[in-house]
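The values are calculated or read from the model by the stated rules, or taken from the named source; none is laboratory data. Given the structure is predicted, the values throughout are model-derived calculations rather than measurements. For neighbour counting, all protein chains shown are included, and Cβ atoms are generated from backbone atoms with ideal geometry for every residue, glycine included.
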Amino acid sequence: MFEFTGQLKDLIDKAENGHSIDIDYIMDKLTVDSTLAMTRYIDFALSLVKKTEGIMRIEYYLFHRTLIKQ
């Protein structure tokens with residue numbers, strides 16, 4: 001199995017933990033200055049969230065935050 005490293009591993013670890021604070025950490029990495037690679041890392045990491053708490057936090061960002069974070 002492939003072992004991720006660097007920023008992607010950090011995001012994956014937070015996503016797998018899945019608490020609201022972890023989702024906030026991930027979403028804070030998404031800014032208007034984010035690279036295309038970072039947006040893909042974030043998208044991939046968010047797809048790994050399984051905890052209800054984390055999923056609810058993602059829904060909050062989808063419906064109540066700025067456009068870049070939607």
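Key figures
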item: Only one of Met56, Met38, Met27 that is touching a residue at least 40 places away in the same chain (Cβ under 8 Å) and of a type in the set (A, V, I, L, M, F, W, C); result: Met27
item: Residue within region 8-25 that is loosely packed, with under 10 Cβ neighbours inside 10 Å, assigned to a helix (DSSP H, G or I) and not polar (S, T, N, Q) present; result: no
item: Enumeration of residues in region 1-24 that are farther than 15 Å from Met56 by Cα and not basic (Lys, Arg); result: Met1, Phe2, Glu3, Phe4, Thr5, Gly6, Gln7, Leu8, Asp10, Leu11, Ile12, Asp13
item: Any hit, region 50-70, residues being in contact with a Phe, Trp or Tyr (Cβ under 8 Å, 6 or more places away or on another chain), in a helix (DSSP H, G or I) and at pLDDT 90 or above; result: no
